[in-house]
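For reference, the structure discussed in these notes is given below.
The values are calculated or read from the model by the stated rules, or taken from the named source; none is laboratory data. What you see is a predicted model, and the numbers here were worked out from it, not measured in a lab. Note that we place each Cβ from the backbone using ideal geometry, even for glycine, and neighbour counts take in every protein chain shown. When the accessible area is computed, the model is the full protein with side chains, heavy atoms only, and any ligands, DNA or RNA have been set aside. Shrake-Rupley method; radii C 1.70, N 1.55, O 1.52, S 1.80 Å.
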Amino acid sequence: MSRLATVDPTTAEGQARTLLSRVERALGVTPNMMRAMANSPAVLDAYLQFSGALSKGLLPAPVQEQIALVAAVQNECGYCLAAHTVLGARAGVSDDDLVAGRDARASDPKVEAALTFAKQIIASKGFVSDEDLAAVRRAGYGDGEIGEIVAAVALNTFTNYFNSVGQTTLDFPAVEGVATRD
């Protein structure tokens with residue numbers, strides 16, 4: 001049972017209604033996380049703007065989804081693990097890479113370097129070593145892409161924490177066999 005109320009899109013008012021309608025049009029559904037965020041339209045708007053901006057960046061959507069899987073596992077968020085398993089598949093991540101991504105692995109060595117770097121950002125709370133930075137650069141990532149990896153970690157850590165605090169009711173198929181606290 002969710003510890004934060006969810007806003008019903010059909011009875012929402014003002015900016016919450018506008019934002020939830022936008023989510024419904026974009027996704028075809030209104031996930032419980034966004035319904036809970038709508039309690040503060042500022043929170044939902046911030047999330048949508050941040051994720052929208054990153055969707056126009058240098059990192060391809062499949063890589064962003066794999067970073068989200070790394071963050072979900074590292075931060076023990078079952079809601080985000082379930083959501084990004086579905087969203088990752090929709091973005092074209094193979095079944096094998098959806099599973100491997102949970103451990104910061106990927107079939108593409110360049111993608112794996114990004115996932116390893118993302119995992120290290122989380123583990124070190126951002127205080128990555130010179131070698132961590134050199135390794136992601138050797139894999140072919142420039143400073144813009146590195147900045148986007150950091151941003152993807154930050155965005156996903158926000159959603160991980162939001163869902164962990166709220167114990168958001170799962171509305172995606174649960175991922176079995178992965179330790180989470182939800």
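Taking each residue of segment 170-182 that is under 22 Å from R35 (Cα atoms) and looking for partners that are modelled with pLDDT under 70 with beta-carbon atoms closer than 8 Å, six or more apart or interchain, yields L170/D182. The residues listed here are V165, V128; of these, the one that is aliphatic (A, V, I, L, M), touching a Leu at 6+ places or on another chain (Cβ under 8 Å) and farther than 19 Å from L27 by Cβ is V165. Scanning segment 158-182 for residues that are crowded, with 18+ Cβ neighbours inside 10 Å, part of a helix (DSSP H, G or I) and of a type in the set (V, I, T) turns up just one, T159. Scan segment 71-91 and give yes if some residue there is of a type in the set (D, E, K, R) and buried (at least 18 other Cβ atoms within 10 Å of the Cβ), otherwise no. Scanning segment 71-91 turns up no residue that is of a type in the set (D, E, K, R) and buried (at least 18 other Cβ atoms within 10 Å of the Cβ). Residue check: is L54 surrounded by fewer than 20 Cβ atoms within 10 Å (Cβ to Cβ), in contact (Cβ under 8 Å) with a residue 40 or more places away in the chain and under 30 Å from L115 (Cα atoms)? In short, yes.
Cβ separations smaller than 6 Å between residues 6+ apart or across chains give the following pairs from segment 150-169 residues that are in contact (Cβ under 8 Å) with a residue 12 or more places away in the chain and more than 19 Å from L115 (Cβ to Cβ) to residues that are in a helix (DSSP H, G or I) and open to solvent by 20 Å² or more (accessible area, probe 1.4 Å): T168/N32; T169/N32. Scanning segment 23-41 for residues that are closer than 21 Å to F158 by Cα and over 19 Å from the mean Cα position of the chain (by Cα) turns up N39, S40, P41.
Being of a type in the set (G, A, S) and not in a loop (DSSP other than H, G, I, E, B) is the filter; apply it to segment 57-72 and report the residue that is farthest from the chain's Cα centre (by Cα). Across segment 57-72, the extreme among qualifying residues is A61.
Filtered by the rule that a residue be among the β-branched types (V, I, T) and in a helix (DSSP H, G or I), segment 73-102 gives V73, T85, V86, V99.
Checked against (1) open to solvent by less than 50 Å² (accessible area, probe 1.4 Å); (2) not in a loop (DSSP other than H, G, I, E, B), A26 meets all criteria but (1). Kindly establish whether V7 is open to solvent by 10 Å² or more (accessible area, probe 1.4 Å), closer than 18 Å to G166 by Cβ and not in a helix (DSSP H, G or I). It is true that V7 is open to solvent by 10 Å² or more (accessible area, probe 1.4 Å), closer than 18 Å to G166 by Cβ and not in a helix (DSSP H, G or I). For segment 103-157, the set of residues classified as at positive phi and either buried (at least 17 other Cβ atoms within 10 Å of the Cβ) or in a helix (DSSP H, G or I) (or both) consists of A104 only.
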